[in-house]
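The values are calculated or read from the model by the stated rules, or taken from the named source; none is laboratory data. Here the structure is a predicted model, which is why all the values come from computation and not from measurement. Here the Cβ positions follow ideal geometry from the backbone for every residue, glycine too, while neighbour counts run over all protein chains shown. Heavy atoms of the whole protein, side chains included, go into the accessibility calculation; ligands, DNA and RNA do not. Shrake-Rupley method; radii C 1.70, N 1.55, O 1.52, S 1.80 Å.
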Amino acid sequence: MLADDLDYVVGVDTHRDEHVLAVVVAPAGAVVARRAVAANARGYAQALRFADKCANGTRVWAVEGAGHYGVGLARFLSGRSETVLEAGRSPRGERRLHGKDDGLDAIRAARAALGNDELGSPRAGQRREALRLLLVARRSAVDVRREALVQLRSVIVTSPNRLREELRGLPVQRLLDRCRGLRRSATAAPDELAVRLVLRTLARRIEAATVEADELEREILAHVHALAPRLLDEPGVGPIVAAQLLVAWSHHGRVRSEAAFARLAGVAPVPASSGQTTRHRLSRGGDRQLNRALHTVILHRRQHDPATMEYIARRIAEGKSRRDATRLLKRYLARHLYRVLDQRTPLIA
């Protein structure tokens with residue numbers, strides 16, 4: 001266990017303006033000291049001096065929210081050769097039974113690190129962070145486009161008969177071109193004028209979001225080519241899926257094994273047996289965006305990859321359902337892609 005190799009763990013509960021620290025002695029878990037510091041460069045330096053004073057020995061930092069509010073502290077500590085682990089939130093049931101405040105959360109983060117040797121290091125690398133931000137922005141643009149397209153088709157359904165008959169059968173691009181060119185008419189009724197204005201506005205919004213998403217995807221592709229071009233050789237793995245894989249994996253050593261990566265992706269087997277029924281299901285936890293990326297690859301391979309089609313057919317012939325065969329395939333895919341990623345042993349820049 002981690003506690004066997006340490007003298008102290010510094011647990012940190014992070015917030016936007018303030019971080020709360022708790023020093024816990026290993027392996028007993030007794031609280032030695034607590035302190036709050038500001039979430040800025042001066043506060044980070046105070047946190048390090050506090051640890052030097054109260055945890056002067058072999059120590060690690062268990063930072064809750066190391067990828068969000070705690071990212072500045074994690075970078076500061078890593079830059080000074082401190083060992084930083086990423087602590088998850090405490091279970092809801094524990095907070096309900098034992099109470100919650102910032103000091104207690106910091107203590108729980110430290111004790112979780114003592115009792116668990118599976119905590120990972122925070123995600124690292126400038127390109128990894130760039131990919132994460134680009135994915136967030138592209139996802140937003142795609143959502144805007146999809147929502148506006150649904151609204152546009154809904155407006156067409158209730159538009160005046162002549163306009164509805166003209167627009168309802170057009171393919172998407174021709175529909176957008178036609179709606180973008182709609183103009184006011186002096187002879188049109190007020191409701192038709194409103195319909196024309198709304199359709200033109202929605203068409204322009206869709207095209208702007210499409211241009212934005214395409215630009216972001218080109219930028220994502222450039223980063224993927226620089227980091228792990230071999231990912232793009234895998235069937236069904238495009239730039240968006242590859243970027244999501246890189247964001248979740250981050251760098252060599254963060255995810256310790258293929259099985260850990262499968263658990264992170266939410267495709268690790270979980271017992272679901274009862275009575276005379278013996279079966280497993282996939283975990284419903286983990287990184288759901290990573291899980292979605294794997295599902296996207298599976299959907300492509302089921303239709304276009306002969307080896308995948310042959311595998312599913314063989315599993316069904318053995319008595320598995322198509323759903324169970326897909327689950328097994330998703331678990332295999334997570335392990336296989338982890339091996340492809342982990343061939344790059346240096347820290348991603």
Flag for Leu175 being among the aliphatic types (A, V, I, L, M), in a helix (DSSP H, G or I), within 30 Å of Ala243 (Cα to Cα) and modelled with pLDDT of 85 or more:
no
Hits in the range 153-176 - residues which are exposed (fewer than 13 other Cβ atoms within 10 Å of the Cβ), under 23 Å from Thr210 (Cα atoms) and not β-branched (Val, Ile, Thr)
Ser154, Arg168, Gly169, Pro171, Gln173, Arg174
Pair list, Cβ < 6 Å and 6+ apart or interchain, from the range 257-282 residues that are of a type in the set (Val, Ile, Thr) to residues that are open to solvent by less than 50 Å² (accessible area, probe 1.4 Å):
Val267/Leu282; Val267/Lys330; Val267/Ala334; Val270/Ser283
Evaluate the range 236-258: report whether one residue or more is out of contact with any helix residue (DSSP H, G or I) (no Cβ under 8 Å at 6 or more places or on another chain), part of a helix (DSSP H, G or I) and either within 30 Å of Thr83 (Cα to Cα) or among the aliphatic types (A, V, I, L, M) (or both).
no
Open to solvent by less than 30 Å² (accessible area, probe 1.4 Å), at pLDDT below 90 and assigned to a strand (DSSP E or B): is that true of Val23 in this structure?
no
Which condition does Leu232 not pass, out of (1) under 19 Å from the mean Cα position of the chain (by Cα); (2) over 13 Å from Arg339 (Cβ atoms); (3) assigned to a helix (DSSP H, G or I), if it passes all the others?
(1)
Checked Arg153, Arg183 against criteria (of a type in the set (Lys, Arg) and assigned to a loop (DSSP other than H, G, I, E, B)); the one match is Arg183
Of all residues in the range 89-148 being of a type in the set (D, E, K, R) and open to solvent by less than 30 Å² (accessible area, probe 1.4 Å), the one that is modelled with the highest pLDDT:
Asp105
Residue list for the range 272-287, restricted to those being over 24 Å from Glu219 (Cβ atoms) and at pLDDT 80 or above:
Gly286
Working carefully through the options Tyr311, Tyr332, Tyr338, find the one that is of a type in the set (Phe, Trp, Tyr) and free of Cβ contacts under 8 Å to residues at least 12 places away in the same chain.
Tyr332
Just a yes or no: is a residue in the range 188-207 hydroxyl-bearing (Ser, Thr, Tyr), open to solvent by 30 Å² or more (accessible area, probe 1.4 Å) and modelled with pLDDT of 90 or more?
yes
If Gln303 passes every condition in (1) of a type in the set (S, T, N, Q); (2) closer than 26 Å to Leu221 by Cβ; (3) at pLDDT below 90 but one, which one does it miss?
(3)
Residues that are surrounded by 14 or more Cβ atoms within 10 Å (Cβ to Cβ) and among the β-branched types (Val, Ile, Thr), drawn from the range 208-221:
Thr210, Ile220
Would you check which residues across the range 301-344 are of a type in the set (S, T, N, Q), assigned to a loop (DSSP other than H, G, I, E, B) and touching a helix residue (DSSP H, G or I) at 6+ places or on another chain (Cβ under 8 Å) and list them?
Gln343
What pairs can you find where one residue is in the range 55-68 and exposed (fewer than 14 other Cβ atoms within 10 Å of the Cβ), the other is at pLDDT 85 or above, and their Cβ atoms are less than 7 Å apart, with a gap of 6+ or different chains?
Gly57/Asp7; Gly57/Tyr8; Thr58/Asp7
